[in-house]
Amino acid sequence: MKKLLLVSAIMCAPVAMAHNTSDSSISFSNDECNVEFKNDVRIKPNELEIFKANNQHMLFTAEGELSINGEQVALNSAQRQAMTDYTENLRVQLPEVANIALEGVKIAGVALEEVANAFNINGLDNISALMDDIHQEVESTFYQQGTFVMGQQSFTQFGENFEQQFEKQIETAVESAVMESMGSILVALGSELMSSGGDMQAFEERMENMGAQIEEKVELHAKTLEKRANSLCDDFVEIAQQETQLTAQVPALKGYELFTIKQH
């Protein structure tokens with residue numbers, strides 16, 4: 001599930017502005033999570049579809065009907081209940097990926113705001129607009145015309161989009177805001193130096209403390225988000241195990257699994 005969540009990339013840059021020892025990250029990368037994601041899933045209010053790379057697909061409806069490539073698959077009551085339990089689990093767990101990504105964007109905005117307030121940085125309108133764009137990009141990746149969409153291909157595209165477009169734009173917007181507010185920043189720094197009685201060591205300590213306070217605020221949110229990500233990763237492992245049981249009950253579903261537990 002390479003680059004499944006790029007919240008770490010969103011968060012690290014603004015936090016580093018305040019305090020360069022930040023190492024917070026939220027990720028479901030191959031190194032962080034014991035499952036790999038495959039196939040694509042589309043969740044609508046009344047049906048759930050899974051597509052394979054060759055465009056073969058399965059469809060399970062709210063009425064408990066299963067079809068594969070348009071052909072009905074007969075299910076007994078036990079199989080139908082197992083399918084219902086599985087699809088309901090996906091409906092609950094998968095959108096949490098989007099929720100975590102969107103929360104990560106929010107945390108990045110908080111980090112930028114904290115830094116801006118500390119140093120009287122103006123010109124944040126462009127940064128705020130950019131964060132809104134990122135928020136929209138995340139939403140449009142997961143939600144398309146009322147359908148929740150999640151797939152390996154879409155995540156690859158999302159990762160490339162972010163790395164090539166938004167990361168550079170964030171850097172440029174921050175640099176622009178800093179340059180625009182250089183006078184205010186110097187005044188703020190001068191004021192802090194005066195408050196330290198001209199003592200450079202005391203001034204450095206005050207600045208270090210300010211950076212640490214900002215980092216602490218941001219990391220408090222980031223660690224909570226990281227716990228959610230880790231918990232979700234465990235949930236994905238359980239879904240992978242559920243899929244193994246399901247394909248044993250309904251052999252026609254073989255190859256339509258979304259998760260694979262990595263072998264070490």
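Results, tabulated for the structure shown:
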{"quantity": "Listed pairs Lys44/Lys227; Lys44/Lys254; Lys106/Lys254; Lys227/Lys262; Lys52/Lys217; Lys38/Lys217 exceeding 32 Å between Cα atoms", "calculated": "Lys106/Lys254; Lys52/Lys217; Lys38/Lys217"}
{"quantity": "Accessible surface of Ser67 - all protein chains present, 1.4 Å probe, nearest 10 Å²", "calculated": "20 Å²"}
{"quantity": "Residues Glu47 and Asn76, FRET efficiency given R0 of 22 Å [Cβ-Cβ distance, rounded to 0.05]", "calculated": "0.60"}
{"quantity": "Pairwise FRET efficiency - Glu216 versus Thr147, Cβ, R0 = 41 Å, nearest 0.05", "calculated": "0.55"}
{"quantity": "Efficiency of FRET from Cβ geometry, Ser140 and Gln241, R₀ 41 Å, rounded to 0.05", "calculated": "0.80"}
{"quantity": "Contour minus Cα-Cα distance for Lys262 and Ser128 (0.36 nm per residue)", "calculated": "44.3 nm"}
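The values are calculated or read from the model by the stated rules, or taken from the named source; none is laboratory data. This is a predicted model, so every value here is computed, not measured. Because the Cβ atoms are built from the backbone with ideal geometry, glycine has one as well, and the counts that use them run over all protein chains shown. Just the protein is used for accessible areas: all its heavy atoms, side chains included, with ligands, DNA and RNA removed. Shrake-Rupley method; radii C 1.70, N 1.55, O 1.52, S 1.80 Å.
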